[in-house]
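Scroll down for the structure; my scribbles are underneath it.
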Amino acid sequence: MLNIRVEQMRVFERAIDLRFAEEIYPEISARWQKVLQEIGEDAMRARLLGAIRDARQFGIITKNHQARFANIHFAIGPSFPSQQDTPWALEILQRKELSPQSHLDLLVNHAANQILSKLIKLVEEEN
């Protein structure tokens, strides 16, 4: 019988995450060109890999869901999901009763509301 130790599984997961990050990097970097220009390619790749690993920690394991999580990560910022100005993110991700899809849908809705609020505030300040 084959037994896979935890350490072996982690090595396997890291390899999968790295391969997937390389696979979606062209799409992510094209979508987030401003971020790429600000931080450079190496940092962009590192952030993408970090987002994929964060997704896995929260039980988001399919490629489509991880790609969506990565886009949310780039939309919200580098310390997502633990930023002080987004306490809702960690609260959503820690809700065990939700499916990965529901986690992502709620994150998108909250992020959109936060971005919209910031835009309204900017417009109000200009007037």
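Here is a check on your reading of the model: is residue 61 in contact with a Leu (Cβ under 7 Å, 6 or more places away or on another chain) and at pLDDT below 95? Here the answer is no, as residue 61 does not meet what is asked.
Look at residue 51 and say whether it is under 22 Å from residue 79 (Cβ atoms), in contact with a Phe, Trp or Tyr (Cβ under 8 Å, 6 or more places away or on another chain) and of a type in the set (Gly, Ala, Ser).
yes
Comparison of 5, 19, 31 shows that the only residue that is within 25 Å of residue 90 (Cβ to Cβ) and of a type in the set (D, E, K, R) is 31.
When segment 72-127 is limited to residues that are charged (D, E, K, R) and assigned to a helix (DSSP H, G or I), the one that is surrounded by the most Cβ atoms within 10 Å (Cβ to Cβ) turns out to be 105. Going through (1) assigned to a helix (DSSP H, G or I); (2) out of contact with any helix residue (DSSP H, G or I) (no Cβ under 6 Å at 6 or more places or on another chain) one by one, residue 4 falls short only on (1).
Candidates in segment 17-68 are the residues that are crowded, with 18+ Cβ neighbours inside 10 Å and of a type in the set (Gly, Ala, Ser); of these, the one that is farthest from residue 106 (Cα to Cα) is 21. Cβ-Cβ contacts under 8 Å between residues 6 or more apart (or on different chains), taken from a first residue in segment 1-20 that is more than 14 Å from residue 50 (Cα to Cα) to a second residue that is at pLDDT 80 or above, are listed as 4/12.
Of the numbered conditions (1) of a type in the set (Asp, Glu); (2) out of contact with any Pro (no Cβ under 8 Å at 6 or more places or on another chain); (3) at pLDDT below 95, residue 54 fails exactly one; give the number of that condition. All conditions are met except number (2).
The values are calculated or read from the model by the stated rules, or taken from the named source; none is laboratory data. Source: prediction; values computed, not measured. Note that each Cβ is placed from the backbone with ideal geometry, even for glycine, and that neighbours are counted across all protein chains shown.
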